[in-house]
Amino acid sequence: MVDNDIRKEKYILLISYSGEEKQAEASLDELARLLDTAGGLAVGRMKQKLPRPDNATYIGSGKVEELRMSIEAREADGVLCDDELSPAQMRNLSERLDTKVIDRTMLILDIFAAHAHTSEGKLQVEMAQLKYRLSHLAGAGKAMSRLGGGIGTRGPGESKLESDRRVIGKRIARLSAEIKDMRRVRMTTRKMRMSNMTPVVAIVGYTNAGKSTLLNLLTDASVLSENKLFATLDPTTRSCRLKGGGELLFTDTVGFINKLPHQLIDAFRSTLEEAGYADIILHVADASDTSLDMHMQVVYETLRELDIVGKPMITAFNKTDLIEEGLRLKDMHADANIRISAKTGYNTDSLLALVEDILQKSRKPVEMLIPYSEAGRLDGLHRYGKVIEEEYLEEGISIKAYVPTGKDGIS
Ligand SMILES: Nc1nc2c(ncn2[C@@H]2O[C@H](COP(=O)(O)OP(=O)(O)OP(=O)(O)O)[C@@H](O)[C@H]2O)c(=O)[nH]1
Ligand SMILES: [Mg+2]
């Protein structure tokens, strides 16, 4: 069946905002792309400037009436709100409009449910959905039960929609235990990887910035990269051989987004655990995006929230094939900036050189004599550190090399 044959659910996008109108529009643009990723279609928009969203109906009463007429005129199946609604707002809006009402959080959870592939990813999403449901059980009654199906209701948690708080609570406890077990297994794998001492570069950035495209280019991986939000959820690590003979591991991670549902923070934490252990953070930013500055800010805020701080960082301004040459690009947060195009390969060799350079700066020089009986240690030094001089003497191998600062015990 081709895409056109499926009848897409139609939504009117809704936002109440207090800042600039331009920002509200950009947020709705992103919401429309999220909806597209989830298989729905935006058929209209409604904005209202308010000091704060209305407690009862998110937008003002008059606007609700306008919205009701708009839904009829456009034959929309529902309303999609740019912010997470309280149970009362959801119930009131849904009753007054007599239609399905969903919010940004439900939409993102829905996309995550559809895109999670690993068993841990699936459990994490189910957990986030259950937490959302739990926080919306009180008083939501009709609004939740009238959802019926479709966007906002997919995923492993679906059949439990009507379950009571206790059942959901029990399920959350079981999931936590299962996730904990999986975490233990992952720690062991990581320990093995750490002991092989190859430097790890974590690729982070806003969703759709081009992280997976860059990983594919640098390492011949075949991670799905597409013009959708949250194409990647589960981390992938691949190795890249450097021209000078060294090796780097690149980890592609889940993208960040503005107004990230707080229920998903735990899922992000575990997905980005790898980044916490990386030697260097490679921040990929989409230079062609008009919201570039705001997106970079979201990346830094999310990294802070996840405690990924204090690591050497490179910001790669990607998609420079789409922008004018003179455009000024600078990220003051990063140790180094570079312009690249993951699509055309522009400057990606320089990027690797820059990674090497920054890594080297975070390493300390050592001189040592390795006895021939321990010659195996040389292998680790070559892979993890950078050997500058290697001389075979009678009493052993004399080495001058760089080893990482903060990590001792080259073996
Ligand atoms: N023109 C241009 N397009 C690019 C470039 N890099 C990536 N893209 C496109 O941008 C879109 C998103 O790329 P992805 O690699 O999937 O982005 P991502 O950061 O992995 O996104 P998520 O996994 O969804 O967070 C795709 O359509 C890519 O083809 C680039 O340098 N130039
Ligand atoms: Mg990706």
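The table for this structure:
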item	result
Quarter of the Cα convex hull surface for the range 181-302, i.e. its orientation-mean projected area (nm²)	8.2
FRET efficiency for residue 220 and residue 66, using Cβ-Cβ distance with R0 set to 56 Å, rounded to 0.05	0.55
Helical mean residue ellipticity (222 nm; -39500 (n - 2.57) per DSSP H run of 4+; nearest 500) of the chain	-12500 deg cm²/dmol
10 °C / 1.306 mPa s Stokes-Einstein diffusion coefficient of the range 40-116, Kirkwood radius on C-alpha pairs, µm²/s	121
Calculated log₁₀ intensity ratio I(q)/I(0) where the Debye formula runs over C-alpha points of the chain, q = 0.12 Å⁻¹	-1.01
Range in the chain, longest, excluding exposed GluC sites (Glu not before Pro) [loop by DSSP; at most 15 other beta-carbon atoms within 10 Å]	227-323
Extent along principal axes [Cα atoms of the range 226-354; Å; largest to smallest]	39, 37, 29
For the range 363-404, convex hull volume per residue from C-alpha positions, Å³	50
Cross-link pairs 22/49; 8/131; 228/343 - those with Cα-Cα distance over 18 Å	8/131
Antiparallel bridges, percent of DSSP beta bridges restricted to the chain (to nearest 5)	35
In order through the range 285-301: 3J(HN,Hα) via Karplus (6.51 cos²θ - 1.76 cosθ + 1.60), integer Hz, x for Gly, Pro	10, 7, 5, 8, 7, 5, 9, 3, 4, 5, 5, 5, 5, 4, 4, 5, 5
Partner lysines for residue 311 [C-alpha distance under 24 Å; skip if fewer than 8 residues away on the same chain]	191, 211, 330, 361, 364, 386, 407
Selection of trypsin sites (Lys or Arg not before Pro), the range 259-349, meeting DSSP coil and at most 13 other Cβ within 10 Å	328, 330
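Quick note: the coordinates plus some simple rules give every number you see, no bench work behind them. These figures come from a predicted structure and were not determined experimentally. Cβ: placed from backbone, ideal geometry, glycine included. Neighbour counts: every protein chain shown.
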